[in-house]
Amino acid sequence: MRYFLSVAICVIVSLVILIAAARYVVGIWIFTAISSLQLHLAVTCTLAAVAAFVLHRSLLPALLVAASLALGLHALWMTREMVQQPLAGNNVDAPALRLMSFNILSKNRENAGAIRDLILASRADVVNVLEAMPLRGELGALSQIYPYRIGCGEMTKTCDLMVLSKTPLTSPSVHSLSTIFENRMILSDLSWQGRMVHLAAIHTTKPYFDDFQTLELTNAARMLDRLEGPLLVAGDFNASSLAPNIRMFLRWTGLRTASWEPPTWPDWGGWFGVPIDHVYVREPLHIRSLQRLPSSLGSNHYGLVADIVLAP
């Protein structure tokens, strides 16, 4: 019985490893969707293969343990590859631009008041709100602190992606990245610390909608690549920084991640979730801190708050 149970576990683990490793040989969209879970799958397969080895000590489960560990170690290496360079000197007291980015879920109307209060108390200079429909009735209250807005009636007819700011947003533009959803990329400029900072709020399609997510990231990268100077990009990418198309997007634009990205989805996953909401920067910007909001407030995502500084 122990032998057959070990064999069954080995078969399942082998299939999972083959699916996760397919990213290295083919670029089919379904494998791109799975790539965001590479670290989670590697840890699960390692534990399962160890259990199979304990049940029946043989070569196969030992090889599967090694393969699972290799898959996980490469995932960790990939997360470090796209991390921003360490900031030289002491930047603890440097002025910071605070950004909040939060997919509040379009059906989350009952928590609109709590989300409004969270935004107003956040001390954020810029707020990206994704699936912002629940806040349509709260725009008046939000405008007391954030008088500058793009989205929800400003340059858009819909209330989906919205950017709020305490200071003027110049050169605003709204873009549709594909035919799946409209107006899910907002570009603007913000004057901060004597520099013009380019801001981009993005909400991409889910990766299991064929190749649309890759198409959207390609279109976004083309637009961002034309911008020179400091660049700050945030939003819901529906994929982790492990996904091949996200890595392509980061390489193309020169954007980098914080040293650690908090998991944001699903909300019930807690700290075992997947970081699919991101804050990316391009030098000379640097992410001094990146934190997850303490509560999802009825959304299926956790929001993020980042403090951004200018490197010397």
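For the residues F102, F181, F4, F272, a 1.4 Å probe over the protein chains yields an accessible-area ranking, largest first, of F272, F4, F181, F102. Close amide-amide hydrogen proximity is noted between N103 and L130, each under 5 Å apart and 5 or more residues distant or on a separate chain (H modeled in the peptide plane; Pro and chain starts excluded). Annotation for the range 107-131 versus the range 217-283: alpha-carbon center distance of 21 Å.
Can you list which of the trypsin sites (Lys or Arg not before Pro) found in the range 57-120 are DSSP loop residues with at most 13 other C-beta atoms within 10 Å?
Answer in residue order: R57, K107.
Length available on full extension from L18 to K107: 0.36 nm per residue minus the Cα-Cα distance, which gives 28.3 nm. Counted over the chain, the DSSP beta bridges are approximately 75% antiparallel.
Once backbone amide H atoms are built at 1.01 Å from N, I308 has L97, R98, L99, R288 as its partners under 5 Å, excluding neighbours fewer than 5 places away on the same chain. Cross-link partners of K166 among aspartates and glutamates, defined as those whose alpha carbon lies under 14 angstrom from its own and excluding same-chain residues fewer than eight positions apart: D125, D189.
Length available on full extension from S259 to E182: 0.36 nm per residue minus the Cα-Cα distance, which gives 24.5 nm.
Counting other Cβ atoms within 10 Å, keep those with at most 13, restrict to DSSP loop, and tell me which GluC sites (Glu not before Pro) in the range 158-230 are left.
On the way: sites: E182, E216, E228; in loops: E182, E228.
Passing both the DSSP loop test and the Cβ count: E228.
Taking 20 Å as the straight-line reach from the Cα of K157, the lysines in range (excluding those fewer than 8 positions away in the same chain) are K107.
Which residues does a label at V25 reach in the range 49-78, if reach means a backbone N under 19 Å from a point 7 Å past the Cα toward the Cβ? Flagged as within label range: 63-72, 74-75. Among Q84, Q291, Q193, the residue with the largest mean-square fluctuation in a Gaussian network model of the chain, with springs joining Cα atoms closer than 10 Å, is Q193. Here the 3J(HN,Hα) profile of the range 108-124, calculated from phi with Karplus coefficients 6.51, -1.76 and 1.60 at θ = phi - 60°, is 8, 5, 5, 9, 4, x, 5, 5, 4, 5, 4, 5, 5, 8, 6, 6, 6 Hz, Gly and Pro shown as x.
Probe radius 1.4 Å, ligands and nucleic acids ignored: give me the carbon and sulfur share of the accessible area of the chain as a rounded percent. Looking at the chain in its full context, I get 62 percent from C and S. Peptides 17-24, 160-167 ordered by packing proxy, namely the average of other Cβ atoms within 10 Å per residue, highest first: 160-167, 17-24. The mean sequence separation of alpha-carbon pairs under 8 Å and at least six residues apart, normalised by the residue count of the chain, gives a relative contact order of 17 percent.
Can you work out the accessible area per residue across the chain, with the rest of the protein chains kept in place, probe 1.4 Å, in square angstrom? Don't jump to the answer; show the numbers that get you there.
Numbers: 14440 Å² over 312 residues.
Counting only protein heavy atoms, the per-residue value for the chain is 46 Å².
From helices alone, the chain scores -11000 deg cm²/dmol at 222 nm; the rule is -39500 (n - 2.57) for each run of n ≥ 4 DSSP H residues, then divide by the residue total. Between V127, V197, V279, the Gaussian network model of the chain with springs among Cα atoms under 10 angstrom shows the greatest mean-square fluctuation at V197. With contacts taken as Cα pairs under 8 Å at a separation of at least 6 residues, the range 92-213 carries a relative contact order of 18 percent.
Restriction of the trypsin sites (Lys or Arg not before Pro) in the range 204-292 to DSSP coil positions whose beta-carbon has at most 14 other beta-carbons within 10 angstrom yields R226.
The values are calculated or read from the model by the stated rules, or taken from the named source; none is laboratory data. Bear in mind that the values here come from a model prediction, so they are computed numbers and not experimental data. We place every Cβ from the backbone using ideal geometry, glycine too, and count neighbours over all the protein chains shown. For the accessible areas, the whole protein counts, side chains as well, though only heavy atoms, and no ligand, DNA or RNA atoms are used. Shrake-Rupley method; radii C 1.70, N 1.55, O 1.52, S 1.80 Å.
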